[in-house]
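See below for the structure under consideration.
Rule-based calculations on the coordinates, nothing more; no lab input. Every value quoted in this text rests on a predicted model; they were computed, and no experiment measured them. Counting neighbours? That spans all protein chains shown, and the Cβs are built from the backbone with ideal geometry, glycine included.
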Amino acid sequence: MQKYENLLRESKIKVTPQRLAIVEELDGHVHMSIEELYEAIKKKFPSISLATVYKNINAMMEQGFIQEVKVPGQKSKYELTKKPHSHVVCESCGKVEDIDLDLEKVTHRAANLSHYEIKEKALVLTGICPSCKAS
Ligand SMILES: [Zn+2]
Ligand SMILES: [Zn+2]
């Protein structure tokens with residue numbers, strides 16, 4: 001718990017037991033939707049509402065501590081902010097995983113081709129994960 005408390009303080013986020021619980025869940029599960037987080041947090045704080053979980057996530061997103069992963073055809077997932085990375089999503093079980101892919105070249109090329117100023121670099125690839133493929 002101390003580890004998470006320090007992390008929040010370093011990001012200048014007010015430490016509350018609910019926020020600590022959210023960070024702990026995200027650290028353990030990597031990517032979670034609001035509903036998944038809510039179900040997990042409710043076990044520790046039975047009186048917490050979905051709106052409160054949502055508010056806490058938004059507050060931590062504003063501080064750049066948590067980031068949203070937009071997944072096609074699924075509800076957004078949330079993760080602790082780390083270095084830029086891409087995602088693969090299993091269309092069978094819905095699992096979201098990180099892939100360490102360098103998007104610099106792709107972004108550069110996209111900017112050249114479209115003449116857009118690219119602001120958000122996010123790449124989500126969908127497919128079938130190894131365990132779904134095996135079963
Ligand atoms: Zn799968
Ligand atoms: Zn991720």
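State the antiparallel share, in %, of DSSP beta bridges confined to the stretch 1-105, rounding to the nearest 5.
Working: 9 of 9 bridges.
Once the DSSP bridges in the stretch 1-105 are tallied, antiparallel ones form about 100 percent.
How far apart, in nm, are two points set 7 Å out from the Cα along the Cα-to-Cβ line at A134 and at T81?
3.6 nm
Using a 7 Å offset from the Cα along the Cα-to-Cβ direction at both Q74 and C93, what is the distance between the two label points in nm, to one decimal?
So the label points at Q74 and C93 sit 1.1 nm apart.
Estimate the FRET efficiency between L123 and E36 by the formula 1/(1 + (r/R0)^6), using the beta-carbon distance for r and 22 Å for R0, to the nearest 0.05. If you can, show how the numbers build up before the last one.
Working: r = 23 Å, r/R0 = 1.03.
Computed FRET efficiency for L123 and E36 comes out at 0.45.
Counting other Cβ atoms within 10 Å, which chymotrypsin sites (Phe, Trp or Tyr not before Pro) in the stretch 33-135 have at most 12 and lie in a DSSP loop? Numbers along the way, then the final one.
Details: sites: Y38, Y54, F65, Y78, Y116; in loops: F65, Y116.
Taking the stretch 33-135 and a limit of 12 other Cβ atoms within 10 Å, the loop chymotrypsin sites (Phe, Trp or Tyr not before Pro) found are Y116.
Rounded, prolate or oblate, given the Cα gyration tensor of the stretch 53-131, with a/c below 1.5 counting as rounded? List each step's numbers first, then the result.
Working: a/c = 2.04, a/b = 1.14, b/c = 1.79.
Verdict is oblate for the stretch 53-131.
I'd like the distance separating the alpha-carbon centroids of the stretch 102-123 and the stretch 42-75, in whole Å.
About 28 Å separates the Cα centre of the stretch 102-123 from the one of the stretch 42-75.
Quick one: which residues, 5+ away or cross-chain, put their amide H under 5 Å from the amide H of F45? H built at 1.01 Å from N.
none
Is the chain best put as rounded, prolate or oblate by its Cα gyration tensor, with a ≥ b ≥ c the root eigenvalues, rounded for a/c under 1.5, and otherwise prolate when a/b is larger than b/c, oblate when not?
Values: a/c = 2.22, a/b = 1.41, b/c = 1.58.
Cα axes put the chain in the oblate bin.
With a Förster radius of 41 Å, plug the Cβ-Cβ distance of K55 and D100 into 1/(1 + (r/R0)^6) and report the FRET value to the nearest 0.05. Write down the numbers at each step before the final one.
Details: r = 32 Å, r/R0 = 0.78.
Efficiency, rounded to the nearest 0.05: 0.80.
Under 1.5 on a/c is rounded, so check that first for the stretch 2-80, then, if it is not, pick prolate when a/b is larger than b/c and oblate when it is not; a ≥ b ≥ c are the square roots of the alpha carbon gyration tensor eigenvalues. Numbers along the way, then the final one.
Details: a/c = 1.67, a/b = 1.19, b/c = 1.40.
Oblate.
Suppose every Lys and Arg Cβ carries +1 and every Asp and Glu Cβ carries -1, with no other charges. What dipole size does the stretch 2-80 come out with about its Cα centre, to the nearest 20 debye? Walk me through the numbers on the way to the answer.
Working: 12 positive and 11 negative charges, 43 e Å.
My answer is approximately 200 debye.
Determine the gain in length on full extension of the stretch F45-T16; use 0.36 nm per residue of separation and subtract their C-alpha separation, reporting nm with one decimal.
Details: separation 29, 0.36 × 29 = 10.44 nm, distance 1.21 nm.
Computed gain between F45 and T16 is 9.2 nm.
Taking every eigenvalue of the Cα gyration tensor of the stretch 86-134, multiplying by 5 and rooting it, what semi-axes result, largest first, whole Å? Spell out each step's value before the answer.
Working: eigenvalues 159, 17, 14 Å².
Three semi-axes, in Å: 28, 9, 8.
Of H85, H31, H108, which has the largest mean-square fluctuation in a 10 Å C-alpha GNM of the chain?
Top of the fluctuation ranking is H108.
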